[in-house]
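Notes follow once the structure below has been shown.
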Amino acid sequence: MGRMPVPNGAPERETAADAALMARVCWYYFKEGQTQEDIAQRLGLTRKRINRILSEARTSGFVQIAIDSSVSICADLEMRLVDRFGLRRAIVVPSPHPQLDVRAVVGAAAGQFISDHLREGERLGITWGGTINAAAANVLRRRAQNNSVVLLCGGLAKSTNVNPYDNAAMFARALDATCFYLTAPMFAATRELRDALVASDPVRTVLAMTRQLDMALLSAVDLSNQSKALEYGVISRELWRSLREAGAVGDICGHYLRSDGTPVDHPLAARTVNPPLDELRQVRQLVLAAGGRQKVSIIHAAMKARLCHVLITDEDAAAGLLGGAR
């Protein structure tokens with residue numbers, strides 16, 4: 001939301017005014033049911049600005065919308081996924097318009113699941129990506145419940161909405177939780193450097209927390225032409241090509257998998273800072289949140305690899321997993 005310049009550099013007063021305006025707009029729109037045009041006229045603003053304020057309120061988590069999870073929108077798909085893949089639970093949300101980002105809707109459902117099922121005193125592990133970011137923005141705020149957030153991957157040098165450190169910080173703020181970071185890059189330059197980092201006390205201590213997690217929220221990184229890892233420069237085009245040639249369909253928590261769920265033998269695996277597969281599998285509740293047709297292969301591989309107890313996805317991916325059109 002754009003800000004007007006203020007004299008004497010008064011950022012705190014300006015920020016408070018912005019928050020107050022957002023709260024007022026959201027109250028009029030969500031509580032009183034006024035139209036954007038009505039609100040614009042009432043506050044002396046343009047309709048475009050009202051729309052922008054409402055959009056920011058949703059994406060930032062200022063406004064959180066909860067849907068009664070006991071009422072399933074896609075019950076048939078959910079039951080078929082559970083039966084076919086032996087899941088504990090499947091949550092399927094309607095697929096958005098093709099021009100909209102499926103990560104937002106799947107992430108919102110994941111945030112609601114965490115809000116409903118992460119109990120007081122429990123530890124949550126998270127990975128990275130746009131879906132994780134959306135989940136963090138949709139977790140219901142809580143206070144003093146003694147939760148912990150553990151980042152299960154190394155970091156990226158550039159801060160974006162997919163950055164692991166930023167995602168972990170968002171979750172920790174929402175849950176009023178202690179946050180544990182892996183103070184290492186996602187990929188070390190060499191195998192030797194990776195081994196040295198993993199052996200260091202700060203990194204080793206956090207990785208060991210994997211065995212103590214109550215729940216882990218995992219994302220799926222695909223290796224399709226639409227891969228966000230490629231788009232954001234997390235991996236190079238050359239590396240993307242070599243992973244595909246090695247048989248990888250994507251990765252879960254830094255583990256690049258074949259379609260049958262087995263890890264590929266690739267040099268990148270030896271440079272990745274992440275928990276071992278066997279320790280991930282021991283987490284009591286593994287929640288995989290991923291949507292879109294391009295994710296079908298890696299979601300299926302994750303289930304084959306026993307890295308998914310609860311699947312949160314959209315209709316298009318669910319139909320792809322079940323082998324048919326919606």
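Annotations
- Linear extension gain, K48 paired with Q212, 0.36 nm per residue minus alpha-carbon span: 54.2 nm
- For region 161-300: span of alpha carbons on each principal axis (Å, largest first): 39, 35, 28
- Two-decimal Rg/Rh across region 229-282, once Rg and the Kirkwood Rh are taken from alpha-carbon atoms: 0.96
- Normalised size of region 173-217, defined as Cα radius of gyration per 2.2 N^0.38 Å with N residues, equals 1.34.
- Beta bridges by DSSP in the chain, antiparallel share as percent, to the nearest 5: 25 percent
- The relative contact order of the chain, computed from alpha carbon pairs under 8 Å that lie at least 6 residues apart in sequence, is 17 percent.
- Computed accessible area, C253, all protein chains, 1.4 angstrom probe, square angstrom: 10 Å²
- Judged by the mean number of other Cβ atoms found within 10 Å, the most tightly packed of the peptides 207-218, 135-146 leads the ranking 207-218, 135-146.
- The overall shape of region 31-179, judged from the alpha-carbon gyration tensor, is oblate: a/c is not under 1.5, and a/b is no greater than b/c.
- MRE, 222 nm, helices only [DSSP H, n ≥ 4, -39500 (n - 2.57), over the chain, to nearest 500]: -12000 deg cm²/dmol
- Computed accessible area, S227, all protein chains, 1.4 angstrom probe, square angstrom: 0 Å²
- Amide H contacts of G155: A184, M186, each under 5 Å away and 5 or more positions distant or on a separate chain (H built 1.01 Å from N in the peptide plane; Pro and chain starts excluded).
- Percent of Cα pairs in the chain per distance bin of 20 Å, from zero to the largest separation: 30, 55, 15, 0.
- Amide H to amide H, with H built 1.01 Å from N, C179 comes under 5 Å of V149, counting only residues 5 or more places away or on other chains.
- Net length gained if the chain between E279 and R142 were fully extended (0.36 nm per residue, minus Cα distance): 46.5 nm
- Reported to the nearest whole Å, the Cα centre-to-centre distance from region 73-121 to region 139-158 is 20.
- Residue by residue, region 219-236 carries 3J(HN,Hα) couplings of 10, 10, 9, 8, 10, 6, 5, 9, 4, 5, 4, 6, 4, 8, x, 5, 10, 7 Hz when phi is fed to the Karplus relation 6.51 cos²θ - 1.76 cosθ + 1.60 (θ = phi - 60°); x denotes Gly or Pro.
- With every protein chain in place, the chain: carbon and sulfur % of accessible area (1.4 Å): 51 percent
The values are calculated or read from the model by the stated rules, or taken from the named source; none is laboratory data. Just so you know, these numbers come straight off a predicted model, no measurement behind them. Counting neighbours? That spans all protein chains shown, and the Cβs are built from the backbone with ideal geometry, glycine included. The protein model used for the area step is the full one, side chains on, heavy atoms only, and it has no ligands, DNA or RNA in it. Shrake-Rupley method; radii C 1.70, N 1.55, O 1.52, S 1.80 Å.
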